Amino acid sequence: MPSVRVRYAPSPTGAPHIGNLRTALFNWLWARHNDGKFILRVEDTDQAREVENGLELIMASLKFLGIEWDEGPDIGGAYGPYHQSERLPIYKKYADELVERGAAYRCYCTNEELAQMRAEQEARGEPTRYDRRCRWLAAEQRAQRESEGRAYVIRLAVPLEGSTTLRDFIHGDITIPNDSVDDQVLMKSDGFPTYHLAVVVDDHLMEITHVMRGDEWISSFPKHILVYNAFGWTPPQFGHVPVVLGPDKKKLSKRHGATSITQFRDEGYLVEALLNFMTLLGWAYDGQRELFTRQELIENFTLDHIHSSPAVFDRTKLDWMNGEYIRRLEIGDLATRLLPFLTRAGIEADLETTKKIAPLVQERLKRLDEIAPLVDFLFQEKISYDPKTLVGPKMNAAESLHALRAAGEILDGMSFDDAEKMEQALRAAGEQLGLKPAQFFGVLRNAVSGKTVTPPLIGVLQILGKEKTMARIGDALVKLEKLAM
RNA sequence: GUCCCUAUCGUCUAGUGGACUAGGACGUGGCCCUUUCAAGGCCAAGACACGGGUUCGAAUCCCGUUAGGGGCACCA
């Protein structure tokens with residue numbers, strides 16, 4: 001019997017965004033931290049909002065992050081079914097039980113009546129809420145409506161007096177007067193439960209011990225506790241995690257660019273970094289340490305360090321962290337992850353070559369997708385560039401020509417196998433010409449790559465190979481000669 | 001309108017009445033290293049939203065104000 005059972009209960013309305021996923025992550029971390037169970041449950045009680053492959057998108061996102069579930073719609077479990085739409089008889093049974101106990105009642109009001117009621121309340125400047133007219137129906141009135149076969153919903157009979165104290169391990173205790181709570185609909189007239197009934201019944205039946213969910217639920221929190229009370233059940237522990245905001249401090253949305261996790265993957269972020277970064281959004285270990293492996297996250301994750309205020313999703317810090325993780329990768333691993341990004345950019349590299357490139361770019365990458373513009377020149381047959389860039393810093397064309405000739409001669413006369421030797425020889429040649437390394441290597445760099453910025457030159461030359469290197473130097477020499485005239 | 005939540009550097013945060021001259025990280029600026037770009041090292045600037053209390057003492061507790069956010073559905 002596991003001590004901790006938590007769940008992630010999304011409704012299948014599309015790809016989950018970072019905020020939702022962060023909530024799932026917290027739940028999962030807590031489950032793993034306690035050797036407990038993490039359950040995936042689908043809240044599909046609103047047919048109108050359903051998105052066709054919504055569930056697949058959710059499962060794919062979780063899988064990408066390595067958040068695996070112990071029970072769920074696809075793998076089943078002892079507490080199933082895990083689709084709320086398949087649990088309808090269960091909700092009906094419990095709703096009826098509540099009616100029998102007098103804790104809930106049938107309401108026969110039509111949408112039109114309700115709309116009119118709200119309009120009147122608004123006109124009087126009152127808060128809009130159900131006026132409980134069906135709660136006070138006399139037995140005969142009720143019987144008459146039943147005999148007419150009128151459609152009904154089931155509403156919770158909220159206590160008229162007193163207050164309800166909500167225990168929240170993130171926010172602390174919150175006390176709400178009961179008279180501010182509406183007689184919430186529990187069962188809709190189509191036979192589907194509302195969230196408020198389903199969530200309580202399921203969490204109870206599935207023996208959930210901790211409910212961590214988005215902050216937006218805090219306002220319906222009292223309803224849920226009242227339902228637990230009505231059943232005489234002990235509620236699980238609740239914690240409402242704050243939302244994730246965009247840089248403009250508005251709730252994270254499409255406007256802020258990528259919000260689905262797969263988009264981040266496609267932009268070259270590593271799962272390790274994403275996982276680490278997302279956990280730090282609203283949770284901190286000690287304010288000092290920030291880099292954690294998955295295992296370390298699990299070991300150190302505790303509820304008492306979850307923040308109660310919203311966090312802004314800061315991409316520049318994610319970029320930094322991603323770079324940290326890239327630098328920690330084994331070369332072979334890095335190459336394997338880099339290859340698809342080269343291919344996608346139309347560069348036909350193989351794994352062998354990518355393995356040679358990897359050490360050259362490792363500490364220069366913040367994102368995997370930055371690889372292409374860094375090394376594309378290595379794979380092009382012909383490079384094109386403005387000849388003027390061949391002239392080195394604080395040099396004229398003639399000086400640059402001299403330098404490049406010297407470099408060409410040296411390279412032509414040696415093997416490209418020994419990087420050490422190549423560097424020594426080139427460095428010596430530059431010194432002899434009275435040039436600074438930056439100048440001498442700069443000219444060579446431009447000639448060979450057409451760029452002023454590249455990965456370390458010697459490594460680049462080795463990958464390019466002697467033949468291509470000499471050909472490019474030859475081309476550049478011709479261009480420089482024209483410039484020098 | 002009403003109910004509720006939130007409030008420490010630009011951003012993520014440490015801080016649970018005295019160890020706070022408020023610490024760390026990202027970002028920013030400077031310097032060093034350096035074949036470019038990075039990476040790395042060092043240094044710097046930068047915050048307790050405001051006003052009242054409580055207390056010998058408050059970033060920490062209480063009350064207001066302000067500013068954000070959420071709810072007020074037969075949505076989740």
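Every number in this text was worked out from the coordinates using simple rules, so none of it is lab data. These figures come from a predicted structure and were not determined experimentally. Virtual Cβ from ideal backbone geometry, glycine too; neighbours counted across all protein chains shown.
Quick look at the numbers
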| quantity | calculated |
| --- | --- |
| Per principal axis, descending, Cα span of chain A in whole Å | 109, 51, 36 |
| Summed residue charge, Cβ within 15 Å of A:Ala397's Cβ, Lys/Arg positive, Asp/Glu negative | +2 |
| DSSP bridge pairs, chain A: antiparallel proportion in percent, nearest 5 | 50 percent |
| Greater than 31 Å apart at Cα, pairs in A:Lys93/A:Lys223; A:Lys251/A:Lys366; A:Lys317/A:Lys355; A:Lys355/A:Lys394 | A:Lys355/A:Lys394 |
| Residue-averaged [θ]222 nm for chain A, counting only DSSP H segments that reach four residues, each worth -39500 (n - 2.57) | -14500 deg cm²/dmol |
| Residue-count net charge about A:Arg367 - beta-carbon cut-off 9 Å; Lys, Arg +1, Asp, Glu -1 | -3 |
| Whole-Hz ³J(HN,Hα) from phi, Karplus 6.51 cos²θ - 1.76 cosθ + 1.60, for region A:415-426, glycine and proline x | 7, 9, 7, 9, 4, 4, 5, 4, 4, 4, 4, 5 |
| Spatial separation of Cα centroids for region A:327-356 and region A:45-112, in angstrom | 44 Å |
| Most to least packed among A:171-178, A:458-465 [average Cβ atoms within 10 Å] | A:458-465, A:171-178 |
| Protection proxy ranking, peptides A:71-80, A:240-249, average beta carbon neighbours within 10 Å, highest first | A:240-249, A:71-80 |
| For region A:1-51: rounded, prolate or oblate by the Cα gyration tensor [a/c cutoff 1.5] | oblate |
| Förster-model FRET efficiency, 30 Å R0, A:Lys482 and A:Lys356, C-beta, rounded to 0.05 | 0.30 |
| Cα centroid separation - region A:381-450 against region A:222-283, whole Å | 53 Å |
| Sequence-distant residues sharing a close amide H with A:Ala157 (under 5 Å, placed H) | A:Ala104, A:Tyr105 |
| Anisotropy class of region A:99-209 from Cα gyration tensor, a/c 1.5 cut | oblate |
| Mean Cβ count within 10 Å, highest first, over the residues of peptides A:185-192, A:375-382 | A:185-192, A:375-382 |
| Extension gain (nm, one decimal) between A:Asp96 and A:Glu290, 0.36 nm per residue minus Cα-Cα | 64.8 nm |
| Crossing angle, helix A:315-328 versus chain A [Cα axis fit, 0-90 degrees, rounded to tens] | 60 degrees |
| Chain lengthening between A:Glu120 and A:His305 when straightened (0.36 nm per residue, less Cα-Cα) | 62.0 nm |
| Cysteines having no other Cys beta carbon under 4.7 Å from their own, within chain A | A:Cys109 |
| Phi to ³J(HN,Hα) by Karplus 6.51 cos²θ - 1.76 cosθ + 1.60 over region A:216-231, Hz, x for Gly, Pro | 5, 8, 4, 6, 9, 3, x, 4, 5, 5, 4, 5, 4, 4, 4, 7 |
| FRET efficiency, 1/(1 + (r/R0)^6) with R0 41 Å, evaluated for A:Trp320 and A:Glu216 via beta carbons | 0.85 |
| Bins of 10 Å, starting at 0 and running to the largest distance - Cα pair percent for region A:339-462 | 12, 41, 33, 14, 1 |
| Two-site FRET efficiency, A:Arg150 against A:Asp35, from Cβ-Cβ distance with R₀ of 60 Å, rounded to 0.05 | 0.70 |
| Phi to ³J(HN,Hα) by Karplus 6.51 cos²θ - 1.76 cosθ + 1.60 over region A:186-194, Hz, x for Gly, Pro | 9, 10, 7, 5, 8, x, 8, x, 8 |
| Per DSSP, loop chymotrypsin sites (Phe, Trp or Tyr not before Pro) in region A:204-273 with at most 16 further Cβ within 10 Å | A:Trp233 |
| Column: log10 I(q)/I(0), Debye, Cα scatterers of region A:278-409, q = 0.14, 0.16, 0.20 Å⁻¹ | -0.84, -0.95, -1.13 |
| Anisotropy class of region A:326-370 from Cα gyration tensor, a/c 1.5 cut | oblate |
